[in-house]
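The values are calculated or read from the model by the stated rules, or taken from the named source; none is laboratory data. Note that the structure is a prediction, hence the values are computed from the model and not measured. Don't worry about glycine lacking a Cβ; one is built from the backbone with ideal geometry, like all the others, and counts go over all protein chains shown. The accessibility values were calculated without ligands, DNA or RNA, using every heavy atom of the protein model including side chains. Shrake-Rupley method; radii C 1.70, N 1.55, O 1.52, S 1.80 Å.
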Amino acid sequence: FGVLPRDDGYAKAREATEKALAIDPDYAPAHARLGWIAMYGDNDLAQAARHMERALQLEPSNLDIIGNAAVLLFALVRLDAAIVAFEYAVARDPVNPTSQGNLAAIYRLAGRWDEAIASSDTTLRLSPGYIGAHYFKGMALLFKGEPEAALESFTNEGDEEWRVKGQALALHALGRQEEHQAKLEELIERWGEQWPSEVAHVYAHLGDKDKAFELLQKSVDEEEEGYFDPSDHFLRPLTDDPRWLPLLESIGQ
């Protein structure tokens with residue numbers, strides 16, 4: 001991620017993983033890694049599911065594999081099953097900030113705002129500099145109708161792009177339009193080419209469907225890493241538009 005060109009990185013990862021399986025065909029983490037490569041490198045969720053299923057058959061209590069399987073369930077928009085898997089991982093390892101952070105993210109996508117906020121707070125107690133925790137907490141607060149608290153959370157986010165994106169959204173909700181516009185322009189100028197789907201979130205939330213679809217199509221055409229998550233609440237305003245289903249079909253959803 002961010003070191004080699006995308007295709008080169010996944011090709012080398014696949015080669016190394018297959019070497020591991022040549023040494024030990026029942027090495028469960030390698031099967032899980034092939035699932036991850038299928039999910040993010042090939043955008044092949046069916047193949048990813050087959051690899052993850054094999055990994056879980058070999059090591060059903062391996063928390064890393066359970067976490068990877070939960071991410072796949074999340075990608076398949078099976079949110080209830082993903083929540084169960086993440087909750088299991090947290091129960092087995094309650095001081096793992098990654099598991100807590102993942103649980104916060106999935107709670108947010110399920111619209112369980114208070115639980116998302118609580119899990120984000122736990123993540124930050126365990127790891128005060130955890131990237132994304134303030135962002136996911138801010139999102140939950142924003143959708144819960146607390147834009148002032150959301151702005152404070154976004155402002156504390158360590159990831160610069162998420163910080164600016166969150167601030168743009170919260171400032172709009174607070175009616176501070178000049179500041180909102182400045183943050184939106186900064187988001188577009190600095191990250192619009194690399195992460196068009198992130199800017200699309202903002203436009204979808206603002207009700208500009210044409211601009212949101214334009215940027216999501218750019219995400220698909222330019223093979224943005226991971227494309228975009230169709231279950232994200234930001235994109236809910238687009239789901240009744242006739243352009244939505246053809247867009248999903250173009251990314252194999």
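Structure values in brief
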{"item": "Subset tally (residues that are open to solvent by less than 60 Å² (accessible area, probe 1.4 Å), within 26 Å of E249 (Cα to Cα) and not small (G, A, S)) for the range 8-39", "result": "5"}
{"item": "Given (1) modelled with pLDDT under 95; (2) in a helix (DSSP H, G or I); (3) under 24 Å from A110 (Cβ atoms), index of the condition W162 fails", "result": "(1)"}
{"item": "The one condition in (1) under 23 Å from the mean Cα position of the chain (by Cα); (2) buried (at least 17 other Cβ atoms within 10 Å of the Cβ); (3) modelled with pLDDT of 95 or more that E59 fails to fulfil", "result": "(1)"}
{"item": "M39 being assigned to a helix (DSSP H, G or I), over 27 Å from T155 (Cα atoms) and under 14 Å from the mean Cα position of the chain (by Cα)", "result": "yes"}
{"item": "Members of the range 62-87 that are surrounded by fewer than 19 Cβ atoms within 10 Å (Cβ to Cβ) and more than 18 Å from G35 (Cβ to Cβ)", "result": "L79, D80, V84, E87"}
{"item": "Residue within the range 142-160 that is of a type outside the set (D, E, K, R) and closer than 26 Å to R243 by Cα present", "result": "yes"}
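Per-residue answers, yes or no, for (1) in contact (Cβ under 8 Å) with a residue 24 or more places away in the chain; (2) among the aromatic types (F, W, Y); (3) touching a helix residue (DSSP H, G or I) at 6+ places or on another chain (Cβ under 6 Å):
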position: V164; (1), (2), (3): yes, no, yes
position: A168; (1), (2), (3): yes, no, yes
position: L206; (1), (2), (3): yes, no, no
position: L215; (1), (2), (3): no, no, yes
position: P237; (1), (2), (3): yes, no, yes
position: E249; (1), (2), (3): no, no, no
